[in-house]
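In what follows, a structure is listed as structure tokens, so that the remarks can point back to it.
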Amino acid sequence: APAGAVTLILGPSGCGKTTIARLLLGFWEPSSGTISVGGHNAAGMSGPELRALMSYVSQGDYITDDTVR
């Protein structure tokens, strides 16, 4: 994602959106590979440092097998 840009991660349930967010925000560590933020390896940054650099808006998910009506 470009620096300073607003980036939307959109997709169907189960495609990995929450996983990406948890990795980017430092709640989880990757099992392989690296995450870079501003050209710096995120592994050297604390969770609060990472979260100060980005915003996360979660959406409650209520999956039902019925109609709204």
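The values are calculated or read from the model by the stated rules, or taken from the named source; none is laboratory data. Nothing here was measured: the structure is a model prediction, and the numbers come from that model. Using ideal geometry, Cβ is built from the backbone for each residue, glycine included, and neighbour counts are taken over all protein chains shown. Please note that ligands, DNA and RNA were not included when accessible areas were found on the heavy atoms of the full protein model with its side chains. Shrake-Rupley method; radii C 1.70, N 1.55, O 1.52, S 1.80 Å.
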Residues satisfying the stated conditions in the range 1-10, i.e. more than 27 Å from ILE63 (Cα to Cα) and surrounded by 10 or more Cβ atoms within 10 Å (Cβ to Cβ): ALA1
In the range 52-68, residue farthest from VAL6 (Cα to Cα) [restricted to those that are under 13 Å from the mean Cα position of the chain (by Cα) and either modelled with pLDDT under 80 or open to solvent by less than 90 Å² (accessible area, probe 1.4 Å) (or both)]: GLN59
Which numbered condition PRO2 misses (of (1) in a loop (DSSP other than H, G, I, E, B); (2) at pLDDT 85 or above): (2)
Selection count, the range 1-32, where residues are closer than 30 Å to ASP65 by Cβ and polar (S, T, N, Q): 3
Residue among THR64, THR19, THR7, THR34 that is touching a Phe, Trp or Tyr at 6+ places or on another chain (Cβ under 8 Å) and not hydrophobic (A, V, I, L, M, F, W, C): THR19
Top-ranked residue in the range 11-31 [being of a type in the set (Ser, Thr, Tyr) and farther than 18 Å from ALA1 by Cβ; ranked as least open to solvent (accessible area, probe 1.4 Å)]: SER13
Residue count for the range 44-69, restricted to those that are in a loop (DSSP other than H, G, I, E, B), among the aliphatic types (A, V, I, L, M) and without any contact (Cβ under 8 Å) to a residue 40 or more places away in the chain: 4
Residue match in the range 32-43 (condition: at pLDDT 85 or above, open to solvent by 80 Å² or more (accessible area, probe 1.4 Å) and assigned to a loop (DSSP other than H, G, I, E, B)): yes
